[in-house]
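Worksheet for the structure shown next.
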Amino acid sequence: MHASYSKQAGWPKLPDGFAFRMVSNIAEDSLGRIYFVHRGARPLVRFDRDGNFLESLGEPDLPQSVNYDLSKNPPQPIGREYWLRGLHVDPWNNIWVTDLGRHLVLKFDPHGRLLMTLGQSGQPGEALDRFNQPTAVVVDRSGHIYVADGYGNSRIVKYSADGRPQLAWGRKGSAPANSRPRTGSPSMPTVTSM
């Protein structure tokens with residue numbers, strides 16, 4: 001079954017002084033509330049199903065950071081801004097985001113309180129407790145966490161429900177730099193879904 005969608009003028013209704021900047025992901029919770037992550041101020045926001053702004057979430061835990069262009073050698077800074085990329089609402093309405101610039105995955109409760117952080121802030125790496133620009137996160141019904149650590153490590157990392165790393169699969173290939181895989185190709189995972 002496929003849902004039918006149509007454009008609705010004036011949806012969502014943005015509060016005065018607020019504007020989206022490069023929306024990178026949208027998700028819905030079990031109550032029909034819609035979440036957006038974007039690169040501007042108030043980077044994680046929630047709307048009701050009618051498009052009314054409800055609130056911004058997690059602001060104290062979502063600072064600006066510097067992200068790097070990994071296609072350059074050495075990697076070059078892109079700029080300081082909010083680098084949220086992945087967004088997922090789990091079966092319990094917890095909100096998960098990936099932060100490219102800080103190399104983190106963050107879990108917020110439905111009220112926007114930080115519950116869990118995976119990765120080491122500002123410290124990219126290949127160990128199971130580190131990411132290199134994680135792009136997506138999804139949680140299955142048993143609570144297992146899957147992270148697409150796509151831009152820097154080209155892998156999927158699986159965690160237990162309490163955040164203990166379990167295993168990873170995938171890695172960068174050995175192709176020459178000028179034949180680097182396109183974003184979204186199997187060797188550069190950027191999206192996960194269950």
(message) I'd like to verify a number: residues in the stretch 9-45 that are within 30 Å of ARG141 (Cβ to Cβ), part of a loop (DSSP other than H, G, I, E, B) and among the hydrophobic types (A, V, I, L, M, F, W, C), how many?
(response) 2
(request) Provide a single number: the residues in the stretch 119-163 that are farther than 18 Å from ASN94 by Cβ and exposed (fewer than 14 other Cβ atoms within 10 Å of the Cβ). (result) 3
(request) Exactly one condition in (1) modelled with pLDDT of 95 or more; (2) on the phi < 0 side of the Ramachandran plot; (3) touching a Lys or Arg at 6+ places or on another chain (Cβ under 9 Å); (4) in a loop (DSSP other than H, G, I, E, B) is not met by THR190; state its number. (result) (1)
(request) Select from the stretch 1-19 the residues that are of a type outside the set (D, E, K, R) and in contact with a strand residue (DSSP E or B) (Cβ under 7 Å, 6 or more places away or on another chain) and write down the one among them that is surrounded by the most Cβ atoms within 10 Å (Cβ to Cβ). (result) PRO12
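The values are calculated or read from the model by the stated rules, or taken from the named source; none is laboratory data. Nothing here was measured: the structure is a model prediction, and the numbers come from that model. In this analysis, Cβ positions are derived from the backbone assuming ideal geometry, glycine residues included, and neighbour counts consider all displayed protein chains.
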